[in-house]
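The block underneath contains the structure these notes are about, expressed in structure tokens.
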Amino acid sequence: MSVGTPAGNSAQQLSGDDVQAIDRLREAFQALEAELGRVIVGQKATIEQLAICLFARRHALLMGVPGLAKTLLVSKLAETMSLQFNRIQFTPDLMPMDITGTDILQDGDGGKREFQFVQGPVFANIVLADEINRAPPKTQAAMLEAMQEQRVTVLGKEFQLSSPFMVLATQNPVEQEGTYPLPEAQLDRFMSLIELDYPNEEEEIQIARTTTGDELPQLQQLMTADEIIAHQNLVRRVPVPDHIYTYAARLVRKTRPAGETSPEWLQPLVSWGGGPRAVQNLILGAKARAALHGSYMVRIDDIKAVSPAVLTHRIITTFAAQAERVSAKDIIQRLVQETPDA
């Protein structure tokens with residue numbers, strides 16, 4: 001059995017086993033939403049974005065004011081998936097070795113003293129980099145190799161990180177005193193910028209009920225690491241029709257003010273647009289979203305749904321845009337509306 005593709009598209013076909021695997025992934029995602037819902041009130045869109053990043057084998061940056069359960073959400077996500085979770089609190093005095101680990105002189109066999117490598121907190125399946133912009137650039141850079149290569153280098157020695165591996169970083173958008181803004185090269189390593197907003201009144205009442213009573217419930221483990229890796233491999237095999245690749249590329253190219261396809265209204269508002277990694281992440285995010293929703297092929301709606309999270313932090317607005325209170329998200333929304341479906 002195989003699932004075909006529309007005429008004129010060169011997307012590969014899914015085998016019968018892959019079709020059944022997508023059905024299982026959709027059911028697993030629904031179970032994940034329900035299980036996290038026992039502890040996390042609301043935030044369904046955030047949970048979906050986190051799942052998209054996880055199964056796309058990418059990293060995410062969470063932006064929200066304090067008290068929106070960012071840390072709790074990440075730790076509970078790891079709990080439901082039986083993954084090792086470590087939290088790193090970034091502070092101005094945090095050193096790179098506090099993240100990666102270092103060699104320590106210890107007593108060995110026969111009374112000889114020798115150096116032994118002690119792993120840092122980055123050696124985990126899910127790493128929460130809490131308030132990542134609190135640490136200076138040298139310490140922030142210690143995360144780059146881990147995020148890009150899934151390994152760390154300490155004193156000339158390379159150490160491979162285990163799979164699956166995902167970095168979830170948080171930033172406080174309100175308090176900027178004593179912070180070190182992430183450089184664009186590091187922001188580009190994050191597939192998605194997930195913005196958390198205040199809950200509505202009903203959700204806030206439910207949060208008060210849930211968190212001021214007995215201890216939070218223990219969540220069931222829904223997936224193993226091997227199952228997650230299998231799902232990640234499956235996402236890579238989700239077919240993408242040719243016109244979807246074209247649409248994603250055209251959308252990103254329009255974000256570049258110096259490009260020939262950039263609309264005139266955008267040029268005074270944007271100083272820098274998305275690069276090739278933006279196109280890659282649009283496709284990967286769309287593949288993951290399609291699989292999570294039980295679709296056997298990527299559709300335009302999948303690209304449109306992941307565009308704000310994938311592109312917002314890759315567009316640098318000008319002072320004119322800030323003066324007119326035009327955000328990167330506003331620009332993306334207009335570009336999505338104006339870009340033909342190809």
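Consider the stretch 79-126. How many of its residues are charged (D, E, K, R), more than 23 Å from F165 (Cβ to Cβ) and touching a residue at least 40 places away in the same chain (Cβ under 8 Å)?
So the answer is 0.
So which residues in the stretch 270-279 are touching a helix residue (DSSP H, G or I) at 6+ places or on another chain (Cβ under 8 Å) and either crowded, with 21+ Cβ neighbours inside 10 Å or polar (S, T, N, Q) (or both)?
If the condition is that a residue be touching a helix residue (DSSP H, G or I) at 6+ places or on another chain (Cβ under 8 Å) and either crowded, with 21+ Cβ neighbours inside 10 Å or polar (S, T, N, Q) (or both), then V270, G273, G274, A278 are the ones that fit.
Wholly within the stretch 142-253, which helices (runs of 4 or more DSSP H) include no fewer than the required count, namely at least 3 residues that are more than 28 Å from R24 (Cα to Cα)? Reasoning before the result, please.
Values: elements: 184-187, 201-211, 225-236, 242-253.
Of the helices (runs of 4 or more DSSP H) lying wholly inside the stretch 142-253, those with at least 3 residues that are more than 28 Å from R24 (Cα to Cα) span 184-187, 201-211, 242-253.
Just to confirm my filter: which helices (runs of 4 or more DSSP H) fall fully inside the stretch 280-340 and include at least 3 residues that are outside the structural domain of D23 (by TED's automatic domain parsing), closer than 23 Å to T261 by Cβ and out of contact with any Gly (no Cβ under 9 Å at 6 or more places or on another chain)?
Those helices (runs of 4 or more DSSP H) span 300-311, 328-338.
Can you tell me which residue among T102, T71 is in contact with a strand residue (DSSP E or B) (Cβ under 9 Å, 6 or more places away or on another chain), of a type in the set (S, T, Y), farther than 18 Å from A129 by Cα and surrounded by fewer than 19 Cβ atoms within 10 Å (Cβ to Cβ)? Working first, answer last.
Details: T71 fails: farther than 18 Å from A129 by Cα.
Every option except T102 fails the conditions.
Given the conditions (1) free of Cβ contacts under 8 Å to residues at least 24 places away in the same chain; (2) out of contact with any strand residue (DSSP E or B) (no Cβ under 9 Å at 6 or more places or on another chain), which single one is not true for I303?
(1)
Which condition breaks for I40 when tested against (1) within 20 Å of the chain's Cα centre (by Cα); (2) in contact (Cβ under 8 Å) with a residue 40 or more places away in the chain?
The failed condition is (2).
Given the residues A129, A146, which is the only one that is touching a residue at least 24 places away in the same chain (Cβ under 8 Å), closer than 16 Å to R57 by Cβ and surrounded by 13 or more Cβ atoms within 10 Å (Cβ to Cβ)?
Numbers: A129 fails: closer than 16 Å to R57 by Cβ.
That would be A146, the only listed residue that is touching a residue at least 24 places away in the same chain (Cβ under 8 Å), closer than 16 Å to R57 by Cβ and surrounded by 13 or more Cβ atoms within 10 Å (Cβ to Cβ).
Run down L105, L61 and say which single residue is modelled with pLDDT of 85 or more and either outside any loop (DSSP other than H, G, I, E, B) or outside the structural domain of T179 (by TED's automatic domain parsing) (or both). Don't jump to the end; show me each part of the working.
Numbers: L105 fails: modelled with pLDDT of 85 or more.
Exactly one residue qualifies, and that residue is L61.
The values are calculated or read from the model by the stated rules, or taken from the named source; none is laboratory data. Small disclaimer: the values here were computed from a predicted structure and weren't measured. Glycine gets a Cβ as well: all are built from the backbone with ideal geometry, and neighbour counts include every protein chain shown.
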